[in-house]
Amino acid sequence: MWILFWGFTVMAGDVEIAVSGPGEVLARATGEAVHIPACRGVLWDRFNQETGEFELAQAPVCAGMKDAIRVDDKGRKFAVDAALPALPDVGFHILRPVVVYGTKCAEKAPFPLSKCGDIHVVRGPQMVVRNRGAAVPLETPETP
């Protein structure tokens, strides 16, 4: 999987989201720690070339309630876990992370039970993910 950077960092209030490597982002709290749901806390929007808009990519199935993920100023990495369709003709997907987080949440509790003070949504930077796994490899014509 290859990645190119289109916007390195997006900061919105309590959370900063930065592309940290191939197919992953780093979410970091800019002040007090925040909590992200263990399931569906980080989703992925995929740019639909036909409609010209971002659409939510299919997320993996959740397996029961788990404690919310605490994110402090050191941050936490999240990898692309969405199911992406076969590569389009251009050979890459344009993705954007969507992070749901709560402030002033109770520690060691599932997100719905953590009594967060406020819940926010922030969209991260766009990133290009190039994965040829299920697609036909790109070929360049041979030059004489």
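Throughout, read-outs are computed from the coordinates displayed, never taken from laboratory work. Fair warning: this is a prediction, and the values are worked out from it, not measured in the lab. In this analysis, Cβ positions are derived from the backbone assuming ideal geometry, glycine residues included, and neighbour counts consider all displayed protein chains.
Results, tabulated for the structure shown:
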read-out	value
Size-normalised alpha-carbon gyration radius of segment 2-130, reference 2.2 N^0.38 Å	1.06
Reach of LYS77 by Cα under 20 Å, taken over lysines that are not fewer than 8 positions away in the same chain	LYS66, LYS108
Extension reserve of the ALA83-LYS104 stretch, reckoned as 0.36 nm per residue once the Cα distance is removed	4.4 nm
Per-pair calculated FRET efficiency, R0 = 35 Å: GLU55 and GLU32 via Cβ, rounded to 0.05	0.60
